[in-house]
Protein chains: 2
Amino acid sequence: MDRPANLASITLTQQESRIMAQVQRMSRLMVKTLRDDPADAETLSHKLLVRAGYVRRNSAGIWTWLPLGKKVLDNISRVVREEMDAIGAQEVLLPALLPKEPYEASARWEEYGDLLFRLKDRKGGEYLLGPTHEEIFTLVVKDQVASYKDLPVMLYQIQTKYRDEARPRSGVLRGREFQMKDSYSFDTTDEGLAESYRLHREAYQKIFARLGLDYRIVSAVSGAMGGSASEEFLAPAAAGEDTFVDCPACDYAANTEAVTFKLTPVEAEHGPVEELDTPDTPTIETLAEHLGVPASATLKNLLVKVDGEIVAVGVPGDREVDLGKLGEHLAPAVVELVTAEDFEGRGDLVRGYVGPQGLEKVRYIADPRVAPGTSWITGANKINTHAKNVVAGRDFEVDDYLDVVVVEEGDPCPQCGTGLKLDRAIEIGHIFQLGRKYADTFQLDVLGQQGKPVRVTMGSYGIGVSRAVAALAEQSADEQGLCWPKEIAPADVHVVAAGKALQTELALDVSQKLGAAGVRVLVDDRAGVSPGVKFTDAELIGVPKILVAGRRSAEGVLELKDRRTGEREELTVDEAIARLTA
Amino acid sequence: MDRPANLASITLTQQESRIMAQVQRMSRLMVKTLRDDPADAETLSHKLLVRAGYVRRNSAGIWTWLPLGKKVLDNISRVVREEMDAIGAQEVLLPALLPKEPYEASARWEEYGDLLFRLKDRKGGEYLLGPTHEEIFTLVVKDQVASYKDLPVMLYQIQTKYRDEARPRSGVLRGREFQMKDSYSFDTTDEGLAESYRLHREAYQKIFARLGLDYRIVSAVSGAMGGSASEEFLAPAAAGEDTFVDCPACDYAANTEAVTFKLTPVEAEHGPVEELDTPDTPTIETLAEHLGVPASATLKNLLVKVDGEIVAVGVPGDREVDLGKLGEHLAPAVVELVTAEDFEGRGDLVRGYVGPQGLEKVRYIADPRVAPGTSWITGANKINTHAKNVVAGRDFEVDDYLDVVVVEEGDPCPQCGTGLKLDRAIEIGHIFQLGRKYADTFQLDVLGQQGKPVRVTMGSYGIGVSRAVAALAEQSADEQGLCWPKEIAPADVHVVAAGKALQTELALDVSQKLGAAGVRVLVDDRAGVSPGVKFTDAELIGVPKILVAGRRSAEGVLELKDRRTGEREELTVDEAIARLTA
């Protein structure tokens, strides 16, 4: 039969098998490159990972990892595993199909809403596909650990997670099924938790450095996770779905939701409140235009419902209220926008003309920019009428100052006051000090040193492994294609047979020798494919070194090219092997 | 703070980190051994894997792999991966959450029935959790492969599978979420498929040999997979859910469902049919007792419905009909048992007294034991009446001879006629020549050598990775506990500090040295645990070598024990290192 000789027969020696695993031949490897971007791709990594044959879409937000993609995924997992092992974390593997009950106990069965994939088994038992595993790890440790002597413990897994994203997009950057490293720490004291957190933070720094990722560590709000301290690892990239602020002058960096503004009372003389006739000016734009003042001179009062009760939120007229931030501040209370019906029977609320000076029965929340002593033009609580010289602390009281405005480029750095920069980034890691939230829910206690039960305190730490592939692709790609850091690349060298039999023979010979020396080789030995197409594919696939058997093959001379810099040099086979094994 | 010193701090050198990953300290490892068997455990592997702290049940048939269990799982995966790579198979990773459509096209969305976990996403799209991936691999190859030159291709993944078993039991032996290696071959010719099949068969032989599993390769029926040739790899074990037959005289072995009986017509003189008055004998037992004959002299006629039509199945009265086998033979027709209603209006069918000689309008299927020329006592198609001297081929015709009886110990070997042995086993691997079934469904063609489309032919090959853990545990355990083969064990040596500070110091010292020499060490350095408990735990955990720092620790002398044979010898530290690194 006509089976190609390069598919191993059973007579291979151990040595031959070992080399074979090191040398991947393009003539046999399932990697189909595409010249055109996929129609649905918006981001660079999505386009390139599909075009270079690393991944293929299976269904919305659900991906197949082809041979080259699987190697990159494995290389990232290996780095993560080594650094997690190095801090003494223990690897386990928990299921993805999880029973409803623990997530009901933590209230996340409800809180996650549509983000959770839910299903029933043949007996009607309710299950979910795990989006993250705090509940289950808490229960595992409750079963396994009895005494303070058994703690601290840090556990991790590299496992498949599920989130039913409303708009899965950007390729593997935000999938509905994805690979994640999640770990959890268990301590008896707050100091212990701080130390577990520190160990993870430093392990993450090492991991991202080894992956060759440019990243920033930013303060974050904890969100649905609960708990206190929390930081995000962000990889700046145009395709990123997160926005963060960065101070050009000091080391401050933060998730936009975590940025604070310093409350600074103002000492100043202001005239008395005066009413202004402002017909038909229910919006800030119409008002500012009518009066000929900047929007920043006006006070915008947004009405919302907090657990059903109407609350007013005051911010300068040129700023937007960040409802996500407001929700975080007021959680677990639920924040909703008001509707026309909410005004019925409320003569004190004049739509479009609300001012805090007339709101006696309404809780008033304001941004710190509305500091005591500042003066505003705002609604007079009468139709077609506003008021000026309305002074915070004199004419109205603020019940709570909360940071609720959408952060903008140029806002002052909370540390040094310099104007902040706004950047887009990919969240590649997130570390949380959860505290006792889950331990309280599941009554996770251990016997303490004094013989009494001690409640355990927890941390939770995640790295998006499949997302890191996309982040790396985003950051390292250039116009020619992907360009992987050495430790992550699917091979160390891409050998190109640029010619006919002579070149192919030399390419295969040097590949065998490199493989035997422990170098991971991808060799383009395809027949009937032009050197030009092979070069284009090599640039697209992005292995860091490209070794070409071309014009001087008869002399045994090859050309070694650096994928990133484009630097080239001519080398003999022995020199090439020496260079690549150095 | 009071953090134990053995949890790595960030100041560890690379070298120290490497050793740390080689040396696992029981004082910090999350492994809680149990003295008693779990209440719900029926099989040896279930009991021991739970008691030794390798796995814990999460929900019915869904398991958590604790640190020791994860290591064993990884070791098996590594062996599988190496041997799959060695035959040129390419590793990929497909999703577990799969869209309904391809499984509808193959009809398995229906055929799998309750075995399939089904769910909907937030938009109402229907999905399943993959029980096996033939459909999706066919589509991946259809997308990636265009020409005969791109084939053959063999692809594999080690991935999580889901089957909603009616009665998940036996621990990780039959789970609802489990790890499997599945691979798929794609060829243009039948000879190519035969070669891909042979390569897999030989790789499986190497894998199971390296895992240290005792196994048999048996002929199998293909079942719901479809296709032609198929063999199972069975690991004999009392806990096995499969029964297979084994010939003590020749090399024949088969799944009981695949055993055949040779049809041998009998030349003999028989008297004419005679009716017998047999009041109240509607069963074989009552009939045989009434007449004083062995059950084997009677003919049992089972009525079933095949796609709604009544069919009679004749087997010797002492044998049982294997409905599973019958279903396999008649697939895709559906076989059901008859109910009382089916007899309405059928005067020709006298319940309890059916005989084939009177069934003119009913299709008659018989076991080859009811060969032409054999004579039987059977129903006379009249109430309370039987007939004797009813001869196959003379008094009734058999429409189809099919092997449908339940195989029994002592049945003749189809190859050599020797009485067969029946044994229980665990199915650890299964290889199929699928042929063109899925390629037909999804129109998987490639451009052939003659420039015309050629339909692809496929193979499908599976190894139960998590099940192999249980099979290994079943086969290698003894009364003291688990007893792993070296390549699979969670460590190479289990060092026991059997005493106080002196012993612990020696144990940790030799562990560090062994770790530095590349030996994987589990060291029991727990304080406040007696040597007796440590010895019991070491036997239970089942690392192949146990090195004890005990009475002669002051002299630097340790005792090395072989876990399986119990052989012991005293060695110095250097001798122990030399022995364990040999």
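Looking across B:L506, B:L472, B:L502, B:L522, one residue alone is of a type outside the set (G, A, S), within 30 Å of B:Y215 (Cβ to Cβ) and in a helix (DSSP H, G or I). It is B:L472. Considering the stretch A:68-84, the residues that are at the interface with chain B (Cβ under 9 Å from one of its Cβ atoms) and open to solvent by less than 40 Å² (accessible area, probe 1.4 Å) include one that is farthest from B:Q144 (Cα to Cα), namely A:E83. Go through the residues of the stretch A:99-117 one by one and say whether even a single one is facing another protein chain (nearest Cβ under 7 Å), touching a residue at least 60 places away in the same chain (Cβ under 8 Å), out of contact with any Leu (no Cβ under 7 Å at 6 or more places or on another chain) and within 18 Å of A:E177 (Cα to Cα). Taking every residue of the stretch A:99-117 in turn, none turns out to be facing another protein chain (nearest Cβ under 7 Å), touching a residue at least 60 places away in the same chain (Cβ under 8 Å), out of contact with any Leu (no Cβ under 7 Å at 6 or more places or on another chain) and within 18 Å of A:E177 (Cα to Cα). Among the residues of the stretch A:31-41, those that are open to solvent by less than 40 Å² (accessible area, probe 1.4 Å) and either touching a residue at least 60 places away in the same chain (Cβ under 8 Å) or away from chain B (no Cβ under 13 Å) (or both) comprise A:V31, A:T33, A:A41. Is it true that some residue in the stretch A:128-145 is facing chain B (nearest Cβ under 9 Å) and farther than 30 Å from A:E195 by Cα? Scanning the stretch A:128-145, I find at least one residue that is facing chain B (nearest Cβ under 9 Å) and farther than 30 Å from A:E195 by Cα, so the answer is yes. Screening A:I87 against (1) open to solvent by 30 Å² or more (accessible area, probe 1.4 Å); (2) at the interface with chain B (Cβ under 10 Å from one of its Cβ atoms) leaves a single unmet condition, (1). For the stretch B:305-347, which positions are within 30 Å of B:R108 (Cα to Cα), free of Cβ contacts under 8 Å to residues at least 24 places away in the same chain, among the small types (G, A, S) and not in a loop (DSSP other than H, G, I, E, B)? Matches in the stretch B:305-347: B:G327 only. Under the condition of being of a type outside the set (V, I, T) and more than 9 Å from chain A (Cβ to nearest Cβ), the residues counted in the stretch B:146-164 number 6.
Contact map, the stretch A:446-461: first residue more than 30 Å from A:I217 (Cβ to Cβ), second residue surrounded by fewer than 24 Cβ atoms within 10 Å (Cβ to Cβ) and polar (S, T, N, Q), Cβ cut-off under 7 Å, separation 6 or more or different chains; pairs are A:V446/A:S147; A:V446/A:T188; A:L447/A:S147; A:G448/A:T188; A:V454/A:T188.
From the list A:V465, A:V454, A:V469, A:V405, the lone residue that is under 30 Å from A:Y148 (Cβ atoms) and β-branched (V, I, T) is A:V454.
Considering only residues in the stretch A:410-445 that are assigned to a loop (DSSP other than H, G, I, E, B) and free of Cβ contacts under 8 Å to residues at least 60 places away in the same chain, the one that is most open to solvent (accessible area, probe 1.4 Å) turns out to be A:R436. Annotation: B:M26 fulfils all but one of (1) more than 9 Å from chain A (Cβ to nearest Cβ); (2) farther than 24 Å from B:A238 by Cα; (3) free of Cβ contacts under 8 Å to residues at least 24 places away in the same chain; the unmet one is (3). Condition first: at pLDDT 95 or above, in a helix (DSSP H, G or I) and either β-branched (V, I, T) or buried (at least 21 other Cβ atoms within 10 Å of the Cβ) (or both). Can you find one or more residues in the stretch A:483-496 that meet it? No, that holds for no residue. Residues in the stretch A:160-175 that are modelled with pLDDT of 95 or more and open to solvent by 10 Å² or more (accessible area, probe 1.4 Å): A:T160, A:R163. Residue count for the stretch B:278-299, restricted to those that are without any contact (Cβ under 8 Å) to a residue 40 or more places away in the chain and of a type in the set (D, E, K, R): 2.
Within the stretch B:530-579, the set of residues being open to solvent by 40 Å² or more (accessible area, probe 1.4 Å) and assigned to a loop (DSSP other than H, G, I, E, B) comprises B:S530, B:R551, B:R552, B:R564, B:T565, B:E567. Elements of the type strands (runs of 3 or more DSSP E) sitting completely within the stretch A:213-301 and holding at least 1 residues that are surrounded by 17 or more Cβ atoms within 10 Å (Cβ to Cβ): these cover A:216-219, A:230-236, A:242-246, A:253-255. Residues that are more than 20 Å from B:G308 (Cβ to Cβ) and outside any helix (DSSP H, G or I) within the stretch B:353-362 comprise B:Y353, B:G355, listed in sequence order. If only residues of the stretch B:388-409 that are surrounded by fewer than 19 Cβ atoms within 10 Å (Cβ to Cβ), touching a residue at least 24 places away in the same chain (Cβ under 8 Å) and within 39 Å of the chain's Cα centre (by Cα) are counted, the one that is farthest from B:V311 (Cα to Cα) is B:E408. The set of residues in the stretch A:51-61 that are of a type outside the set (G, A, S) and open to solvent by less than 10 Å² (accessible area, probe 1.4 Å) comprises A:Y54, A:V55. Of all the listed residues (B:L93, B:L44), the sole one being away from every other protein chain (no Cβ under 11 Å) and touching a residue at least 60 places away in the same chain (Cβ under 8 Å) is B:L44. Candidates B:V390, B:V350, B:V407: the one that is out of contact with any helix residue (DSSP H, G or I) (no Cβ under 8 Å at 6 or more places or on another chain), among the β-branched types (V, I, T) and either closer than 20 Å to B:T283 by Cα or not in a helix (DSSP H, G or I) (or both) is B:V350. Checked against (1) among the small types (G, A, S); (2) crowded, with 22+ Cβ neighbours inside 10 Å; (3) farther than 15 Å from B:L580 by Cβ, B:A527 meets all criteria but (2).
Residues checked against (1) among the small types (G, A, S); (2) closer than 27 Å to A:R81 by Cα; (3) over 41 Å from the mean Cα position of the chain (by Cα); (4) outside the structural domain of A:S77 (by TED's automatic domain parsing):
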site	(1), (2), (3), (4)
A:V496	no, no, no, yes
A:A501	yes, no, yes, yes
A:E505	no, no, yes, yes
A:S511	yes, no, no, yes
A:A527	yes, no, yes, yes
A:K545	no, yes, no, yes
A:E555	no, no, yes, yes
A:G566	yes, no, no, yes
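All of A:A268, A:A249, A:A295 fail the test of being of a type in the set (A, V, I, L, M, F, W, C) and touching a helix residue (DSSP H, G or I) at 6+ places or on another chain (Cβ under 9 Å), apart from A:A295. Screening A:D190 on (1) under 27 Å from A:V55 (Cβ atoms); (2) surrounded by fewer than 22 Cβ atoms within 10 Å (Cβ to Cβ); (3) at the interface with another protein chain (Cβ under 10 Å from one of its Cβ atoms) shows it passes everything except condition (1).
The values are calculated or read from the model by the stated rules, or taken from the named source; none is laboratory data. Quantities reported herein were computed from a predicted structural model and do not represent experimental measurements. Don't worry about glycine lacking a Cβ; one is built from the backbone with ideal geometry, like all the others, and counts go over all protein chains shown. What goes into the accessible areas is simple: the full protein's heavy atoms, side chains included, and nothing from ligands, DNA or RNA. Shrake-Rupley method; radii C 1.70, N 1.55, O 1.52, S 1.80 Å.
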